[in-house]
Amino acid sequence: MTEPAELILHNGDILTFDPTRPRVQALAVRGGRIVATGGDDLVAAFSGPATRRIDLQGRFAMPGFNDTHAHMEREGLKQQRLSLAGAGSVAEILRRIATATAAASPGDWIVTMPVGEPPYYFDGVTKLAEGRMPTREELDRAAPENPVYIPGHFGNWGVPPGHTALNSRAIALNGLSRHSCPRCRGIDFICDEVTGEPTGAIVERNGRPAVEFDMLRAVPRFGFEERLEGLRRSIELYHACGTTSVYEGHGSAPETISVYRALWERGELTMRTGLCVSPSWSGVGEAQRAMRDWLAYARGKGLGDPWLSISGVHVAYGGDKLVAELARADLPNTGWSGFVEQAYTPEEFREVCFLAAEHDLRLNTIVGDHLHEIVPVLQAINERHPLAGKRWVIQHIARARLEDLKALKALGVMVTTIPTYFLWKGGHAYLNEPDGGDLVVPHRHMLDLGLPLAIATDNIPYDPFFTLWVAMARQERVTGRQIGPGQALDVETALRLFTAAGAALTFDEGWKGPLMPGFAADIAVLSRNPLSLDAGEVRGLECLMTLVDGRIVHAQPF
Ligand SMILES: [Zn+2]
């Protein structure tokens, strides 16, 4: 007699990524794990008096997405600030600020989201009817007794420059005057040509904004409770897209880790989360001490359980020393990033990587166009500390050389990519490649070489269907031109890289990923079957139901 299942999904079209049973109609779940997959005869075989049965009505289901560079905690925080979305004029922005001010107490900060349309804020200011930001005087009239801060967009969302506006109270509280001078390059602190006084306007041309760390020490930071609430909201939003696991490959700062830990401790963490440490050390000497004295918990496979685990460190290649120093001085706050800014010369990078290998801390690093500079470092390390099986993660590969990809395969490292960042949003940099872009985010080459690969959203946006579309269509944002068409992924491969493939990043491939007996019941039910759709249609898919550990964490009627 078969023990009844707690849950049976039936009458579905289920893509499992289990090579022995790739497509099934039904699956049975007990204790959060799949106990059987197969035809609708499972219903009779596994039903008991307490079994819940969900009729998928022919819908397509698959493993939940595993977003392997998610920046998940950001999404919910965006909802905590006054939105300027849809505000097409300075007048409308001022009206919203006046309304928010009327509901606030005198002295309370009024902090908005950036000008422009989320999630990118492209050309936010130039699209306003007046073609400019609100002035200090206008903001003073809208909020005479409250400091007002309109921030520029965070770097990953749009493209520089970012436009900040402050009213008089905000200028005063930040101690800014005609004598103030930014320390970081790329920041223009604008003063009036006639009076010499600050206009409240700051223009920042840095990809990663530094102005809050540099000049705006008084503007509100996200506190622990806000981050906790933000993370709760983020998890709902990511689940609503079918995401059931995240890996935060960019590293998580102490304040981010503590928020995850709090949710986990309260039993509220429904997203399977893999973190790596974003270190706050200031240089090689401190790195050595930290790795030796207190970072042992992140060595090897790290510590954790099926909900939250931490292993390894993120080490940046390059970066601006001054920005990193100012950002560290603002810790525990990390602003929108959630990770600690780092800056290493190539020599320091090499030293820190060697230290990480010595201490069995697996490395996560973002390479962009610099893979060719990083491969020799990995090869040198591998001579002394073999990397095979250590699962070092090379992230965000943009332009690559075939021989470097081959080297990565030989080294046994893992690779994650963010198609949206380099192909769509930043694709203009690769429109004139001599080979047509065949070696930019070269997914097919990576797969042909047998590189272990997973793809991710980077929260730009967090909707995985958008990233799937980019991986399939490879179209640059403005021109729509295709970059390296030969590297386009078919939908089934893209889905595999975005679901089952990510489990290995957290050493979880023995119980998570494919929908097969013994594996986690982490499942997404979609509005349509993507296998029969073209790339453009995939972009418009929706997730109707999401299950994690056999529990429904998102559902809309279908
Ligand atoms: Zn990132």
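The values are calculated or read from the model by the stated rules, or taken from the named source; none is laboratory data. Not measured: the values here are computed from a predicted model. Note that each Cβ is placed from the backbone with ideal geometry, even for glycine, and that neighbours are counted across all protein chains shown. In case anyone asks, the SASA skips ligands and DNA or RNA and just uses the protein heavy atoms, side chains included. Shrake-Rupley method; radii C 1.70, N 1.55, O 1.52, S 1.80 Å.
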* Structure fact -> Looking across the stretch 29-77 at residues that are touching a Ser or Thr at 6+ places or on another chain (Cβ under 9 Å) and in a helix (DSSP H, G or I), the single one that is nearest to the ligand (Cβ to nearest atom) is Arg74
* Please indicate, with yes or no, whether at least one residue in the stretch 86-99 is in contact (Cβ under 8 Å) with a residue 60 or more places away in the chain and either open to solvent by less than 40 Å² (accessible area, probe 1.4 Å) or under 29 Å from Glu236 (Cβ atoms) (or both). => no
* Asked: Residues in the stretch 141-176 that are open to solvent by less than 40 Å² (accessible area, probe 1.4 Å) and not hydrophobic (A, V, I, L, M, F, W, C): how many?
  -> 14
* **Search result, residues across the stretch 397-421 that are of a type in the set (A, V, I, L, M, F, W, C), more than 25 Å from the chain's Cα centre (by Cα) and either open to solvent by 70 Å² or more (accessible area, probe 1.4 Å) or more than 15 Å from Leu387 (Cβ to Cβ) (or both)** => Leu402, Ala410
* In the stretch 180-278, which strands (runs of 3 or more DSSP E) lie fully inside it and hold 1 or more residues that are over 21 Å from the mean Cα position of the chain (by Cα)? -> 187-191, 198-204
* Residue that is farthest from the ligand (Cβ to nearest atom), among those in the stretch 144-185 that are out of contact with any helix residue (DSSP H, G or I) (no Cβ under 9 Å at 6 or more places or on another chain) and within 23 Å of Ser337 (Cα to Cα) -> Asn174
* **the stretch 78-136 - residue that is in contact with a strand residue (DSSP E or B) (Cβ under 8 Å, 6 or more places away or on another chain) and part of a helix (DSSP H, G or I) and, of those, nearest to Ile202 (Cα to Cα)** => Arg136
* To do: Consider only pairs whose beta carbons are under 7 Å apart and that are at least six residues apart or on different chains; among these, list those whose first residue lies in the stretch 298-310 and is outside the structural domain of Arg266 (by TED's automatic domain parsing) and whose second residue is surrounded by fewer than 17 Cβ atoms within 10 Å (Cβ to Cβ) and not hydroxyl-bearing (Ser, Thr, Tyr).
  => none
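Report the residue count in the stretch 444-466 for those that are within 13 Å of the ligand (Cβ to nearest atom) and either in contact with a Lys or Arg (Cβ under 6 Å, 6 or more places away or on another chain) or of a type in the set (Val, Ile, Thr) (or both).
Let us first name the residues in the stretch 444-466 that are within 13 Å of the ligand (Cβ to nearest atom), namely 456-460, 462.
In the following step, the residues that additionally are either in contact with a Lys or Arg (Cβ under 6 Å, 6 or more places away or on another chain) or of a type in the set (Val, Ile, Thr) (or both) were identified as 457, 459-460.
Within the stretch 444-466, residues that are within 13 Å of the ligand (Cβ to nearest atom) and either in contact with a Lys or Arg (Cβ under 6 Å, 6 or more places away or on another chain) or of a type in the set (Val, Ile, Thr) (or both) number 3.
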* Residue ranges of helices (runs of 4 or more DSSP H) in the stretch 443-558 with at least 1 members more than 23 Å from His71 (Cβ to Cβ), open to solvent by 40 Å² or more (accessible area, probe 1.4 Å) and free of Cβ contacts under 8 Å to residues at least 60 places away in the same chain -> 443-448, 535-539
* Structure fact -> Filtering the stretch 186-222 down to residues that are of a type in the set (A, V, I, L, M), closer than 21 Å to Asp108 by Cα and either out of contact with any strand residue (DSSP E or B) (no Cβ under 8 Å at 6 or more places or on another chain) or open to solvent by 50 Å² or more (accessible area, probe 1.4 Å) (or both) yields Ala218
* To do: Just one of (1) more than 30 Å from Glu542 (Cα to Cα); (2) in contact with a Lys or Arg (Cβ under 8 Å, 6 or more places away or on another chain) trips up Glu225, so point out which.
  => (2)
